[in-house]
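Accompanying notes for the structure given below.
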Amino acid sequence: MNKIGEHIRQRAAELLESREIDAFIGFRQGSLPMTTQHYVARSAAEAQNLVWNSFCVLNPTNILPSLLKSFEPPRRPGDPLPDDLPKVGIAVTGCWSRNLAIQFQENQASRKRVIAIGLPCTGMSDRRQILAQTGEMVTEVSETAEDLYFTGGTVASLKRTEILRPNCASCVHPQPVARIMTEVIEGDCINNDAAGRFAEVEEIEAKDSDGRWDWFSSEFSACIRCYSCRNACPLCYCPTCFVDDAKPQWVGKGLNSSDTSIFHILRAYHCAGRCTDCGSCEAACPMGLRLRLLTKKLDKDVVDMFDSEAGVEPFKPLPLSTYSQADPQPFIVQPSHSKGEDS
Amino acid sequence: MTDINTEWQPKIITFLCTWCSYAGADLAGVSRYQYPPNIRVIKVPCSGRMSPNLILNALKGGADGVLVSGCHPGDCHYISGNYFARRRFGLLGNLLEFIGLEKDRVQFTWVSAAEGEQFADVISQVTESVRKLGPATRLVKNIPAEINVERACANE
């Protein structure tokens, strides 16, 4: 971890010093222990503030499109962009690199203007799980490749493998997507068994309809509709979100459970076939909702039905922007006399 | 046959594509095929125009069922609208089932402009399956008072 952090600082400083890039997106230490925040380094000196630890949970590609746009000169609609716009550097792990692939596909970022540095990822730690074990009084954290050490908590150390975030514990693509990386830092990656990757979803699928509704209504009843999940998500870049629409108003503004449920269904649905399970939404949620379960369910269906995974093949069309004549349609109601004839 | 005056009748919002299914519904009418009067038809340009927002809005507004019907695969007036729609419907149907909405609340079908009889048949099937489920309560924003009372009595 420290070696990777050192490498990031050094490369970012070099790239900024040589003016190859004008900004580098990474993380700096947050104001509380076990937190980090997005950080845009704009000079070699600022690059020294970059950190890399197991609490870098917010997806840095989230701020990439707006940062790239900030370098674009004002122009009339339809006017071409100048060719020599400044470049931006970004350090990405497996899931973030797949978000980058999707941003390239959806024209939210230009590949020519991004210097992507691939990082090996051993999984990030779940701050909530740690606080539950150590208590809230932790003042300082240090880490090695295997363990985390706490000052001030009720527990002195924890194994990193025991407090992995659930999305990291079920991650099967920790390697950055090599085809869109400018350079890759070599190192050990987390190695999970692909067989159990959808275990969290299957656990809920096994319930009956009433059980699933009880789970859904209780899980999302705590939602305060702060939209942190949406704001933390690199897939949510629409200038006007459906939640802000007034005519028609798809979701009401209050805390009505129907509105909250529909917000969460639609938010997850908009990520269908695009979500890389980076866990940014859950990390940002102040109420600790397990928002990923909905997007993970969609991931599972996209894999099952369309054999596609978000960002793994960076130049293939996204599953919902393409189709196959052989797509499964077991859900179609058939007229009674032709049942079984039609596929 | 259920007595329309005394028994609870489901309301089913039906989105029909203008080129096939709406014409199919028209044919069912001019051919005098009988089907339950529980559907409320909304014409959409193509099944590919169907956004999950529309389906969820219908459920939120208290629809007991939602049916979306488009042209058969390969017959789309816009060549491929229904193929895109099929991918979306598959995912949305599974997601709604996953969150615990009853399976038959939201249904999808293909009806061509020549299938008046099939249209009547599909509507009968869908109406019966929704009738079995009873009044919608999940995802409904303002559940009518009489349904709430019925639910409370059923739970006791």
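What to note about this one:
- Residues in the range A:256-273 occluded by at least 20 Å² - accessible area, probe radius 1.4 Å, against chain by itself: A:256, A:258, A:259, A:262, A:265, A:266, A:269
- Most mobile listed residue (A:94, A:152, A:273) in chain A, GNM with C-alpha springs under 10 Å: A:152
- Projected-area mean, the range A:18-132, by convex hull of Cα positions, square nanometres: 8.5 nm²
- Cβ crowding within 10 Å averaged over residues, with A:70-80, B:39-49, A:118-128, A:274-284 ranked highest first: A:274-284, A:118-128, B:39-49, A:70-80
- In this label model, residue A:107 and residue A:207 are separated by 4.2 nm, measuring between points 7 Å along each Cα→Cβ vector.
- Principal-axis analysis of the Cα atoms of chain B puts helix B:21-30 at an angle of about 80° to the longest axis.
- Isolated Cys in chain A, by beta carbon distance under 4.7 Å: A:56, A:121, A:168, A:171, A:189, A:223, A:226, A:238, A:241, A:285
- The Cα trace of the protein assembly as shown gives Rg and Dmax of 25.7, 82 Å, the first to one decimal, the second as a whole number.
- What the phi angles of the range B:99-116 give under the Karplus curve with 6.51, -1.76 and 1.60, with θ = phi - 60°, is a coupling list of 7, x, 6, 4, 4, 8, 5, 10, 10, 10, 7, 10, 9, 8, 5, 9, 9, x Hz, glycine and proline written as x.
- Averaged over peptide A:276-284, the number of partner chain Cβ atoms lying within 10 Å of each residue's Cβ comes to 0.
- Chain A, accessible surface, carbon-and-sulfur percent (1.4 angstrom probe): 50 percent
- Distance distribution note for the range B:9-154: the fraction of Cα pairs above 28 angstrom is 18%.
- The residues of the range A:2-152 expose, per residue, 46 Å² of accessible area to a 1.4 Å probe.
- Cα-Cα over 30 Å, subset of A:3/A:159; A:247/A:300; A:87/A:316; A:253/A:316; A:69/A:159; B:60/B:132: A:247/A:300; A:253/A:316; A:69/A:159
- Calculated [222 nm] ellipticity per residue, helices only, for chain A: -8500 deg cm²/dmol; basis is -39500 (n - 2.57) per DSSP H run with n ≥ 4, divided by all residues, nearest 500.
- Cα-based helix-to-principal-axis angle, B:81-98 vs chain B, degrees rounded to 10: 20 degrees
- Averaged over the residues of B:98-109, the number of partner chain Cβ atoms lying within 10 Å of the residue Cβ comes to 6.
- Residue of A:241, A:233, A:171 that the Gaussian network model of chain A assigns the largest fluctuation, springs spanning Cα pairs under 10 Å: A:241
- Among beta bridges that DSSP assigns inside chain A, antiparallel share in %, nearest 5: 60 percent
- Modelled FRET efficiency - R0 45 Å, residue B:149 with residue A:303, Cβ distances, 0.05 increments: 0.50
- Mean accessible surface per residue for chain B, computed with a 1.4 Å probe while every protein chain stays in place, in Å²: 44 Å²
- Each residue of the range A:305-311 was assigned a 3J(HN,Hα) from its phi angle through the Karplus expression (A = 6.51, B = -1.76, C = 1.60, θ = phi - 60°), giving 8, 10, 6, 9, 10, 3, x Hz with x at Gly and Pro.
- Counting, for every residue in B:53-59, the Cβ atoms of other protein chains within 10 Å of its Cβ and taking the mean gives 4.
- For chain A, built as a Gaussian network whose Cα springs stay under 10 Å, the top-fluctuating residue of A:289, A:85, A:16: A:85
The values are calculated or read from the model by the stated rules, or taken from the named source; none is laboratory data. This is a predicted model, so every value here is computed, not measured. Every residue, glycine among them, receives a Cβ derived from its backbone with ideal geometry; neighbour counts consider all protein chains shown. In case anyone asks, the SASA skips ligands and DNA or RNA and just uses the protein heavy atoms, side chains included. Shrake-Rupley method; radii C 1.70, N 1.55, O 1.52, S 1.80 Å.
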